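Participant: Provided herewith is a single structure, encoded as structure tokens, for subsequent inquiry.
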Protein chains: 2
Amino acid sequence: MAQQLIAGIDIGGTKIAVAIAAAAGKIVASNSFPTEGGRTPQDLMGQALETIERLAETHHGRLAAIGIGCAGPLDLDRGVVWAPPNMPRNWRQFPLRSFVESKSRLPVIVDNDANAAALAEHLFGAGRGYSDLVYFTISTGIGGGIISNNVLAHRWGEAGHVTVNPGGALCGCGARGCLEAECSGTSMARRAQEHLLSGKPSKLRDLVEDIKQVSAKTVTDAAREGDELACAVWQETVSLMAIGIGSIVALLAPQAIILGGGVTAGAGEFLLQPLRAELNERVRIVSMEGVQVLQAAFGADSGLYGALALAAGSL
Amino acid sequence: MAQQLIAGIDIGGTKIAVAIAAAAGKIVASNSFPTEGGRTPQDLMGQALETIERLAETHHGRLAAIGIGCAGPLDLDRGVVWAPPNMPRNWRQFPLRSFVESKSRLPVIVDNDANAAALAEHLFGAGRGYSDLVYFTISTGIGGGIISNNVLAHRWGEAGHVTVNPGGALCGCGARGCLEAECSGTSMARRAQEHLLSGKPSKLRDLVEDIKQVSAKTVTDAAREGDELACAVWQETVSLMAIGIGSIVALLAPQAIILGGGVTAGAGEFLLQPLRAELNERVRIVSMEGVQVLQAAFGADSGLYGALALAAGSL
């Protein structure tokens, strides 16, 4: 009998990645192609399904479900793409789930990428064995997903928008001092640029041609090398991050906090070690001994593993 | 056939209240007696059970379950009282659930009072019809309980310990700037006292013999009358409260926020109106149009209704 397989589709603004995998998340085969703005979402999803079916046939597998991760906001009840800022305009209001379901005649699960990544870590990654965890992606922005009692709480709000600095930086959401506004890679870069513009010395100046090119990565690199300004920005970011993550730990008492996204991938323990120390210092109502602070298992592949996790979670 | 009844026991530091009710929470009969420190918890629970059984007999009812609300911390897995600061010392390590279960031969559900009150509001009170809500008791301290997808998330942490003022007032938990440390009745009174000690004029001075007697109630009363100092303290408290509640709204996107406890009972809409305005102003990622901010239905009786809700929730 044919092997049971699941499929994942990771829809991003620049490429669409697909994979087929065993139910435990082991990828059997994958492929990707560009998200050309000139092509309709129907056309692109048609190509994704053809690719998946071809891969499944080659590997003598029988598909059981398709998971799709997509940049939010999404209408989760109806599986409709809302108005993702990083996607071509013709994706607006695209009925993603019903289109793929009717084409494939398979169960299709659609969710936003941060929720999907949280589920991937829980089912296949650093969060295996933890019934209650919070996943954060620290990247251009900050997103998150919550697993409560082994279930993805996908209808909940946004972990990146707890307040860490009342009256602080204006957030993209319109509020002030959100975790995302103070601790994302973008915010870290902005803070470093402000210090540089005020004339403070730093080897960051030697790493870029223009101060505007200072990124989270250059700040991380300079902080690792002990640059005073970069270290100050890093410490301030970690400290603010611990306020937001600490509030969530106090409220939910999860067994694990898992950090993913580009900033975490670039920094690793250089981020996690001071963050654990700050959380130990700040969080008192819940014992941090019972809360593991871990790096995500799926760095750049979190989207694809997230899509596969959605499919696996539906079996 | 005898009517099916549930029983509730509310264990407090000064009295133990019991009630029997229909499953929908309608109290049929109730009674209470003092928590005498000279008597053992076994003795007092024996009296509670005798009272319950007598009431059930008088009303021709058949008991189906007993719910018990008790001041935390509790070991919820084993139903053991831990070390409640407001109870006589001989309650420490008392195996509450197993004792009452073996005596009554009925299912017994034990939880802390804030969780129980959250469930009572969800099943019988202001939270009926909302599958996802957060309940806060604003009183001497601040406690809370979360209902997620119609289930009490009773293993979670403490809603009173999200950070609202980093580097702010020292909290009883050992952290700084927690919601409880900044917005409880105790904190409101402390803030008013500090202003008075610094010499600021206020009619609060006329309401008490000694500045130390200024309480949340006197601040509420003076603020209602337009006293400038009391109004400033009130506004600052509400503003900080909105930071903490706003973070929880952003994270969980509940359908309702329900406020109970003595401070809320004393202030009502005088608290809720400015709080709604501050939340509307602060919370952007979640539409506050979808979040009702409501006063709890069970003021001083939240403990007893909470205990009954635990029993009702187990049927």
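Computed from the coordinates by the stated procedures, all read-outs in this text should not be read as laboratory data. These numbers come from a predicted model, not from an experiment. Note that each Cβ is placed from the backbone with ideal geometry, even for glycine, and that neighbours are counted across all protein chains shown.
Participant: Which value at 222 nm does chain B reach when only helices count, each DSSP H run of 4 or more adding -39,500 (n - 2.57), with the total divided by all residues and rounded to the nearest 500 deg cm²/dmol?
Facilitator: Value at 222 nm, helices only: -12500 deg cm²/dmol.
Participant: Now for a different question. Which FRET efficiency, nearest 0.05, do B:LEU76 and A:ARG39 yield, Cβ-Cβ r, R0 51 Å? Display every interim value, and only then the final one.
Facilitator: Values: r = 54 Å, r/R0 = 1.07.
That pair, B:LEU76 with A:ARG39, gives E of 0.40.
Participant: Moving on to the next point. Per-residue HN-Hα couplings for segment B:40-50, Karplus 6.51 cos²θ - 1.76 cosθ + 1.60 at θ = phi - 60°, whole Hz, x for Gly and Pro?
Facilitator: The phi angles translate into 6, x, 4, 4, 5, 5, x, 5, 4, 5, 4 Hz.
Participant: Applying the Karplus parametrisation 6.51 cos²θ - 1.76 cosθ + 1.60 with θ = phi - 60° to the phi angles of segment A:230-240, what ³J(HN,Hα) value in whole Hz is obtained for each residue in order, glycine and proline being reported as x?
Facilitator: Ordered by residue, 3J(HN,Hα) equals 5, 5, 5, 4, 4, 4, 5, 5, 5, 5, 5 Hz.
Participant: Please enumerate, by chain and number, the lysines with C-alpha under 22 Å from the C-alpha of B:LYS203, excluding those fewer than 8 residues away in the same chain.
Facilitator: The reachable lysines, counting only those whose Cα sits under 22 Å from B:LYS203, are B:LYS212, B:LYS217.
Participant: Taking beta carbons within 10 Å but only from partner chains, what does the mean come to for residues B:241-250?
Facilitator: 5
Participant: Sticking with this structure for a sec: Average partner chain C-beta neighbours within 10 Å, per residue of A:165-173? Write out the running numbers ahead of the final one.
Facilitator: Numbers: counts 1, 13, 1, 1, 0, 0, 2, 2, 5.
So the per-residue partner count for this stretch is 3.
Participant: Mind listing the long-range amide H neighbours of B:ILE9? Cut-off is under 5 Å, sequence gap 5 or more, other chains count too, H placed in the peptide plane at 1.01 Å from N.
Facilitator: B:GLY67, B:ILE68, B:GLY69
Participant: Debye sum, Cα scatterers, segment B:129-295, no solvent: what log₁₀ I/I(0) at q = 0.08, 0.10 1/Å?
Facilitator: Here the Debye-derived log intensity ratios amount to -0.23, -0.36.
Participant: Something else: Taking +1 at the Cβ of each Lys and Arg and -1 at the Cβ of each Asp and Glu, which of B:GLY167, B:GLY262, B:GLN235 sits farthest along the dipole of segment B:129-295 towards its positive end, judged by Cα position relative to the Cα centre?
Facilitator: B:GLY167
Participant: Taking chain B as the reference, fit the longest principal axis to its C-alpha atoms, fit the long axis of helix B:302-313 to the helix C-alpha atoms, and give the angle between the two in degrees, 0 to 90, nearest 10.
Facilitator: Taking Cα atoms only, the helix is inclined about 50 degrees.
Participant: In what sequence do A:PHE94, A:PHE99 fall when counting other Cβ within 10 Å, fewest first?
Facilitator: A:PHE99, A:PHE94
Participant: Here is a follow-up. So how do B:ASP43, A:ASP221 line up by other beta-carbon neighbours within 10 Å, fewest first?
Facilitator: B:ASP43, A:ASP221
Participant: Right, another one. Using only Cα atoms, tell me the angle between helix A:185-197 and the longest principal axis of chain A; keep it within 0 to 90° and round to the nearest 10.
Facilitator: 30 degrees
Participant: If each residue's Cβ is checked for other Cβ atoms within 10 Å, how do A:VAL238, A:VAL151 rank with the fewest at the top? All intermediate terms of the calculation are to be shown ahead of the outcome.
Facilitator: Details: A:VAL238 22, A:VAL151 15.
Arranged by neighbour count, lowest to highest, A:VAL238, A:VAL151 become A:VAL151, A:VAL238.
Participant: Then there's this: Residue separation times 0.36 nm, minus the C-alpha to C-alpha distance between A:ARG155 and A:HIS59: what's the value?
Facilitator: Net length gain for the segment: 31.0 nm.
Participant: If you keep only loop residues by DSSP, which trypsin sites (Lys or Arg not before Pro) in segment B:1-64 have at most 16 other Cβ atoms within 10 Å of their Cβ?
Facilitator: B:LYS26, B:ARG39
Participant: To the nearest 20 Debye, how big is the dipole of segment B:129-295 about its Cα centre, given +1 on the beta carbon of each Lys and Arg and -1 on that of each Asp and Glu?
Facilitator: Charge dipole of segment B:129-295: 260 debye, to the nearest 20.
Participant: Let's see if you can work this out: charge +1 on each Lys and Arg Cβ, -1 on each Asp and Glu Cβ, no other charges. What is the dipole magnitude of segment A:55-193 about its Cα centre, in debye to the nearest 20?
Facilitator: In total the dipole reaches around 300 debye.
Participant: Name the residue from A:TYR135, A:ALA222, A:LEU197 whose Cα lies farthest towards the positive end of the charge dipole of segment A:126-295, charges +1 on Cβ of Lys and Arg and -1 on Cβ of Asp and Glu.
Facilitator: A:TYR135
Participant: Ok, one more. Setting aside same-chain residues fewer than 8 positions from B:LYS200, which aspartates and glutamates have a Cα under 12 Å from its Cα?
Facilitator: B:ASP227, B:GLU228
Participant: Within 10 Å of each Cβ of B:138-151, how many other protein chain Cβ atoms are there on average?
Facilitator: The per-residue average across the peptide is 1.
Participant: Let me ask you something else. With +1 assigned to the C-beta of every Lys and Arg and -1 to the C-beta of every Asp and Glu, and no other charges, what is the dipole magnitude of the protein assembly as shown about the Cα centre in debye, to the nearest 20?
Facilitator: 620 debye
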